[in-house]
Amino acid sequence: MKEITITTQFSVFDSVQELPTDIQDLMQQAVAIRKNAYAPYSLFRVGVALVLDNGKIVLGSNQENAAYPSGLCAERVAIFQAGAIYPEAKILKMAITAASDNNKTTTPIPPCGSCRQSIAEYEIKQNTPIEIYFMGEIGAIYKSASLKNLLPFMFDKNFL
Ligand code: THU
């Protein structure tokens, strides 16, 4: 028996002001679209802004449903929208912010497992990394240089 150790790496920014200016702008767009979340059940609002290599910005917010599993996370709303409208474009950067109507989220809130798997599909498809920045409502922002840091042992088409 032997053990393997996998390390992943993130950059930590203490506040939005510390981010590069293009990412400050992207995060502000994620914050703005967060208000459009349809989240009457969880009262938890997530906003996402993507920048593509054609210069377009694509936005998303979570959309819930009375039949709970029929709703969709903000990250997938955004990346599926990008894939649907600009199928040839690469996603360069992704900004995510999550806020609750019940309490202030002060720690970075990462994409859920299903969203990580969906983002992985696009990263593999385009063969270039997607930078992912995620935060709560206030406080620090974590940056991952690629989805791979968030999903060790990712399942992809090469296993099929
Ligand atoms: N949610 C997202 O939009 N993204 C995530 O990565 C985690 C969860 C949404 C789904 C649901 O509408 C609410 O947050 C509570 O889970």
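Kindly establish whether ASN36 is assigned to a loop (DSSP other than H, G, I, E, B) and either under 17 Å from the mean Cα position of the chain (by Cα) or within 16 Å of the ligand (Cβ to nearest atom) (or both). Give the derivation first.
Details: assigned to a loop (DSSP other than H, G, I, E, B): yes; either under 17 Å from the mean Cα position of the chain (by Cα) or within 16 Å of the ligand (Cβ to nearest atom) (or both): yes.
Spelling it out, ASN36 is indeed assigned to a loop (DSSP other than H, G, I, E, B) and either under 17 Å from the mean Cα position of the chain (by Cα) or within 16 Å of the ligand (Cβ to nearest atom) (or both).
Yes/no matrix, rows are residues, columns are (1) in contact (Cβ under 8 Å) with a residue 24 or more places away in the chain; (2) in a strand (DSSP E or B); (3) surrounded by fewer than 13 Cβ atoms within 10 Å (Cβ to Cβ):
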{"residue": "GLN9", "(1), (2), (3)": "yes, no, yes"}
{"residue": "GLN17", "(1), (2), (3)": "no, no, yes"}
{"residue": "TYR41", "(1), (2), (3)": "yes, no, yes"}
{"residue": "GLN81", "(1), (2), (3)": "no, no, no"}
{"residue": "ALA84", "(1), (2), (3)": "no, no, yes"}
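Out of the residues in region 75-113 that are more than 16 Å from the ligand (Cβ to nearest atom) and small (Gly, Ala, Ser), state the one that is farthest from ASN54 (Cα to Cα).
By that ranking, first place goes to ALA84.
Working carefully through the options LYS125, LYS90, find the one that is in contact (Cβ under 8 Å) with a residue 12 or more places away in the chain, basic (Lys, Arg) and more than 19 Å from ILE33 (Cα to Cα). Even if it seems obvious, please write down each step before you answer.
Working: LYS125 fails: in contact (Cβ under 8 Å) with a residue 12 or more places away in the chain.
Exactly one of LYS125, LYS90 is in contact (Cβ under 8 Å) with a residue 12 or more places away in the chain, basic (Lys, Arg) and more than 19 Å from ILE33 (Cα to Cα), namely LYS90.
Which of (1) among the aliphatic types (A, V, I, L, M); (2) within 11 Å of the ligand (Cβ to nearest atom); (3) not in a strand (DSSP E or B) does ILE23 not meet, given it meets every other one?
Result: ILE23 passes all but (2).
FYI, it's all coordinate maths here, none of it is from the lab. Note that the structure is predicted; figures quoted are calculated from it, not measured. A quick note on method: Cβ atoms are made from the backbone with ideal geometry, for glycine too, and the neighbour counts reach across all protein chains shown.
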